Amino acid sequence: MQKILEKIKENKILVSDGAWGTFLHKKGLKAGECPELWNIEQPDVVYEIAKSYIDAGADMVETNSFGGSRIKLAGYGLENRTFELNKAAAQLSRKAAGAEKHVLGSIGPSGKIIMMGEVTEDELYEVYKEQSMALAEGGADAIIIETFTDLQEAVIATKAAKENTSCEVICTMTFDKSPDDKFFTMMGVTPADMVEALVSAGADIIGANCGNGMEDMIGIVKEIREANSSIPILIHANAGVPEYVDGNTVFKESPKVTASFIPALIEAGANTIGGCCGTTPEHIKKIRETINTL
Ligand SMILES: [Zn+2]
């Protein structure tokens, strides 16, 4: 199969998938339940989510393994099943993707802070090495390290995936917008800081996910492009800004509105576009249609 980078080099704009977390909750996952355990206990539901994004026209689909690091799984007493749960996640998405579409093995942050001494760099490296190897073993052809706010942790995860698998490695961080329209992660990292550190760590594709709707992602892409004119950029935007309804966070932006920002996002320099919280197969379908008309 052609690599993601090769397709991007041919000037193709690729479509990624939409939300997993909010989708799993819609399918009945309860607060406090381990999402990754569903790879074994509710495999049909996990497969259906992956398949619905492929059917919507996505070129790639993630895996149900965002919280699948040994550190996160330990919160459920499931740390000894780390390899099994991640491998199963990749197998389910591979089954949905077939031989032609890509599987991005999802890796989320550990939740531990290096600066506070909660975890060491070496421990984190081993944790991310184990998770990326299990995802590769299950059939992932890329690893996506996503929703990171600490650059040091993102660099360690990128290196662990790059050095221990033959997968392409994508790393995206989550930025908030300051009142003067600049972007910073919760830990104070700018898009330009991210570019420099992740490119030297070996990331093949970088970008942003979560935290913003498609509209604000345009500014982030511009900041990345100012810092680096050639690194491929992937964007996974939420379905608009979160609203709070009856104590729940909901994302209400319609597929049509999300898709309306796509031309400007591509103009700014994005190469691969998909969704994060609140996006559905309908959003992905609309993004696909929009890109096909450009
Ligand atoms: Zn999100």
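The values are calculated or read from the model by the stated rules, or taken from the named source; none is laboratory data. Note that the structure is predicted; figures quoted are calculated from it, not measured. Cβ sites come from the backbone with ideal geometry, for glycine too, and all protein chains shown count toward neighbours. The accessibility values were calculated without ligands, DNA or RNA, using every heavy atom of the protein model including side chains. Shrake-Rupley method; radii C 1.70, N 1.55, O 1.52, S 1.80 Å.
The table below gives the values:
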item	result
Matching residues in region 134-149 - criterion: being crowded, with 21+ Cβ neighbours inside 10 Å and over 17 Å from ASN212 (Cα atoms)	ALA134, LEU135, ALA136, GLY138, ALA140, ASP141, ALA142, ILE143, ILE144, ILE145
Test set (1) closer than 16 Å to MET60 by Cβ; (2) touching a Cys at 6+ places or on another chain (Cβ under 7 Å); (3) outside any loop (DSSP other than H, G, I, E, B) - ALA140 fails condition number	(3)
Qualifying residue in region 38-48 (condition: of a type in the set (Asp, Glu), surrounded by fewer than 19 Cβ atoms within 10 Å (Cβ to Cβ), under 25 Å from PRO242 (Cβ atoms) and away from the ligand (no atom under 16 Å from the Cβ))	no
Residue within region 135-147 that is at positive phi and in contact with a Ser or Thr (Cβ under 6 Å, 6 or more places away or on another chain) present	yes
Of the criteria (1) within 16 Å of the ligand (Cβ to nearest atom); (2) free of Cβ contacts under 8 Å to residues at least 40 places away in the same chain; (3) under 25 Å from ALA208 (Cα atoms), which one LEU29 fails	(3)
Failed condition for THR22, given (1) β-branched (Val, Ile, Thr); (2) within 16 Å of the ligand (Cβ to nearest atom); (3) out of contact with any Cys (no Cβ under 8 Å at 6 or more places or on another chain)	(3)
Selected residue [part of a loop (DSSP other than H, G, I, E, B) and of a type in the set (Val, Ile, Thr)] from VAL127, VAL119, VAL103	VAL119
Verdict on VAL155 being of a type in the set (A, V, I, L, M, F, W, C), touching a Lys or Arg at 6+ places or on another chain (Cβ under 6 Å), at pLDDT 95 or above and open to solvent by 10 Å² or more (accessible area, probe 1.4 Å)	no
Residue that is among the small types (Gly, Ala, Ser), under 23 Å from SER166 (Cα atoms), part of a helix (DSSP H, G or I) and touching a helix residue (DSSP H, G or I) at 6+ places or on another chain (Cβ under 7 Å), where the choices are ALA58, ALA89	ALA89
So GLY75, is it open to solvent by 10 Å² or more (accessible area, probe 1.4 Å), within 24 Å of LYS112 (Cβ to Cβ) and not hydrophobic (A, V, I, L, M, F, W, C)	yes
Among (1) assigned to a helix (DSSP H, G or I); (2) in contact with a strand residue (DSSP E or B) (Cβ under 6 Å, 6 or more places away or on another chain) - the single one ALA134 does not satisfy	(2)
Strands (runs of 3 or more DSSP E) within region 165-256 that include 1 or more residues out of contact with any His (no Cβ under 7 Å at 6 or more places or on another chain), open to solvent by 30 Å² or more (accessible area, probe 1.4 Å) and within 15 Å of the ligand (Cβ to nearest atom)	205-213, 242-245, 248-251
Criterion (assigned to a loop (DSSP other than H, G, I, E, B) and away from the ligand (no atom under 16 Å from the Cβ)) met by exactly one of GLY77, GLY67	GLY77
Residue match in region 56-70 (condition: surrounded by fewer than 20 Cβ atoms within 10 Å (Cβ to Cβ) and in contact (Cβ under 8 Å) with a residue 12 or more places away in the chain)	yes
